[in-house]
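The values are calculated or read from the model by the stated rules, or taken from the named source; none is laboratory data. For clarity, every value in this text was computed on a predicted model and none was experimentally measured. Positions of Cβ are backbone-derived with ideal geometry, glycine not excepted, and every protein chain shown enters the neighbour counts.
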Amino acid sequence: MRSAEAKHKWTVKMSVAGVLAALTVLSMIPGGLLSDMRGTQGLEAQQLAQGSTHLQRRLKRGWIWKQLFVPEEDPTPRVIGQLRSDSDRGGFSIKYVLSGEGAGDAFEIDEFTGEIKTLKKLDREEKAFYVLQAQAINRRSNEPEEPQSEFIIQVQDINDNVPQFQNEPYVSSIPEMSPTGTTVAQVTATDADDPMFGNNAKLIYSILQGEPYFSVEPKTGIVVTSWPNMDREAREQYLVVVQVKDMLGLSGGLSSSTTVTVSLTDVNDNGPTFQHHMYMFLIRENAAVGTTVGRIMAEDGDTGINARMTYSLEDDLEESSTFIIETDPVTQEGVILLAKPVDYETKRRFVMVAEAANDHVDTRFLTLDEFSDRTSLKIFVEDVDEPPVFLSPAYEFKVPENAAVGTAVGSVGARDADTAANPIRYSIGKRIDAFRVDAHNGTLTVARALDREAAAWHNLSVEAIETKQGHLSSSVAVFIKVLDINDNVPRLARDYRPYICEGTQAGEVIQVIGAVDPDEPAEGHHFYFSMVPEKHINPNFTIRDNQDNTASIRARRSSFTRRDRSQYLLPVVITDSGAPALSSTSTLTLSVCSCQPAGHCPAGGVEALSLSMGLSLQTLLGVLACLVTLTAGMLR
């Protein structure tokens, strides 16, 4: 039996596959690290030779000597290595125990020989390595022969994962006519295999579909244009299929593909073009202003803002501005509109030039002149059987109100604008009785006596009708103003009720009067006021003309009393300024009133009947006393 202080050593034995895998890993390790490992290997050999005194240093040896390798995806159970204690002298006195990650599930150890074998196939992408612990136990004493030792089983990668593109789908757009080398998009793929082992995860990109228009940078996946001046109008969209392959693209590598949808956006590399050198249209001569004559269209292969255009008309050869053209913002057509009335008998054909020009130009692709095009327009006027046309859109005449019946007021005239020149008859509505019209020449005459004060204006509608063919007709408005003559006398402006207060002084104004006249002289009204001429001057009142179509009645004397006289009559003569002048006489009744202190007459100039009869207050009191006495005697 070994002594208590003796220390035993582990011996690790690998399978042939494990050794090959270890050599592969070692070949990938830099020289410095390999030197360190070789030094470690020499140290291990010395430790094994020197015995247990160097056990602690042996337990600190490099991890590489504690690693076992197993290829992934191998379903066959196989021995991948052996753990053996140097205290194992055979006879199965040592029991080997395995614990840690995958123990009993993925790996097992032969408790007698220390051989480690796999139990199932492993997936490196699921778990790349397993950390396990091994222990050697004396079967007799059931005590550990050595402290528990930790080691690693590394799952060796094989190329079993297809590269996968990220961030799909790929959609990109570039301007048409882009130069070669313009970046379109960048595709990115990943590979779940071990990037540190061989070329399993080293990817290369290539084009499967899309050449010669596009290419891809093999290592970065950047897709660029490889064909100059790609034209959107010829082809608007491209489907570029990009393949990614691992193993540096070598045979046997795994691959996948993705599609990059590339759209060409529009640039203004096309100008408008008319499809015809001449456009002809027809318009009826009775078409209203604003009528659409027709539409023209200049084709532009571009879209959006690059296809917007404005149409214009150059002065036509006959120097007319009868038509205008506008751009339809939806269809980009040129809409030709009638701007002035047309007449077949005056002008039957119009010739002009229309131009279409892009609103936005880009001289990188075309010259300035190539962004516009011109075409010719011919517009023919179609003859229409039109109604008679009056020589004036309206007529206005004047006639004195004292014009005799039969007096000519004026004439209206109409003509048939058509080439037939049909005869025309005139008429007035039956409800018009003040005037009549001559059916043949359109002369208007007075049909009855006129009175300006009753109707100052007469509005007529005269109709003209063709006597042949379609009997078309039209009408015109006629306005007749009746002129004033001085045939009305002036009169007082209202019913005046003047009064004079007792105690009025001479010269005081009693009443201001005005006048009205239905006539309307051209220079305006001017009335003159005066008293009726008498042999003697009126001793009570006088009239002063204020020169503003009013007059003031003034007291000529003082001491007016009701006792002397309750009323005065004053004739007033009013004369107008007409030619000849007309006048009238109106009589004012002036009442004498016992006015209040402020000059107000409570009765408004009308006294009680008894007072107007001239009875004094004393007389009335006496009569009242007699009546009271007689009544008292009768009651007795």
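Things to note:
- Total residues in region 413-433, condition on the phi < 0 side of the Ramachandran plot, surrounded by fewer than 18 Cβ atoms within 10 Å (Cβ to Cβ) and in contact with a Lys or Arg (Cβ under 8 Å, 6 or more places away or on another chain): 4
- Selection status of Val293, free of Cβ contacts under 8 Å to residues at least 40 places away in the same chain, of a type in the set (Val, Ile, Thr), touching a strand residue (DSSP E or B) at 6+ places or on another chain (Cβ under 7 Å) and under 18 Å from Leu377 (Cα atoms): no
- The residue that is nearest to the chain's Cα centre (by Cα), among those in region 113-140 that are within 19 Å of Gln82 (Cβ to Cβ) and small (Gly, Ala, Ser), is Ala134.
- Meets criteria (surrounded by fewer than 19 Cβ atoms within 10 Å (Cβ to Cβ), over 30 Å from the mean Cα position of the chain (by Cα) and modelled with pLDDT of 95 or more) for Thr259: yes
- Failed item in (1) surrounded by fewer than 16 Cβ atoms within 10 Å (Cβ to Cβ); (2) among the small types (Gly, Ala, Ser); (3) not assigned by TED's automatic domain parsing to the domain that holds Gly249, with Gly181 passing the rest: (3)
- Of note, Gln154 does not satisfy the criterion of being closer than 30 Å to Asp266 by Cα and not β-branched (Val, Ile, Thr).
- Residue count for region 529-575 satisfying the condition of being in a strand (DSSP E or B), touching a residue at least 24 places away in the same chain (Cβ under 8 Å) and out of contact with any Asp or Glu (no Cβ under 6 Å at 6 or more places or on another chain): 16.
- Looking across region 394-412, the residues that are assigned to a loop (DSSP other than H, G, I, E, B) and either surrounded by fewer than 17 Cβ atoms within 10 Å (Cβ to Cβ) or in contact with an Asp or Glu (Cβ under 8 Å, 6 or more places away or on another chain) (or both) come down to Glu401, Asn402, Ala404, Val405, Gly406, Thr407.
- Entirely in region 172-252, the strands (runs of 3 or more DSSP E) that have 2 or more residues that are touching a residue at least 60 places away in the same chain (Cβ under 8 Å): 183-186, 237-245
- Any hit, region 321-336, residues being among the charged types (D, E, K, R), surrounded by fewer than 15 Cβ atoms within 10 Å (Cβ to Cβ), over 28 Å from the mean Cα position of the chain (by Cα) and in the same structural domain as Thr375 (by TED's automatic domain parsing): no
- Residue count, region 462-518 (criterion: of a type in the set (Phe, Trp, Tyr) and either over 30 Å from Ala598 (Cβ atoms) or not assigned by TED's automatic domain parsing to the domain that holds Phe560 (or both)): 1
- Exactly one residue out of Pro341, Pro329 is of a type outside the set (A, V, I, L, M), free of Cβ contacts under 8 Å to residues at least 12 places away in the same chain and assigned to a loop (DSSP other than H, G, I, E, B): that is Pro329.
- Restricted to strands (runs of 3 or more DSSP E) entirely inside region 444-504, no element has at least 3 residues that are within 23 Å of Ser584 (Cβ to Cβ) and of a type in the set (Gly, Ala, Ser).
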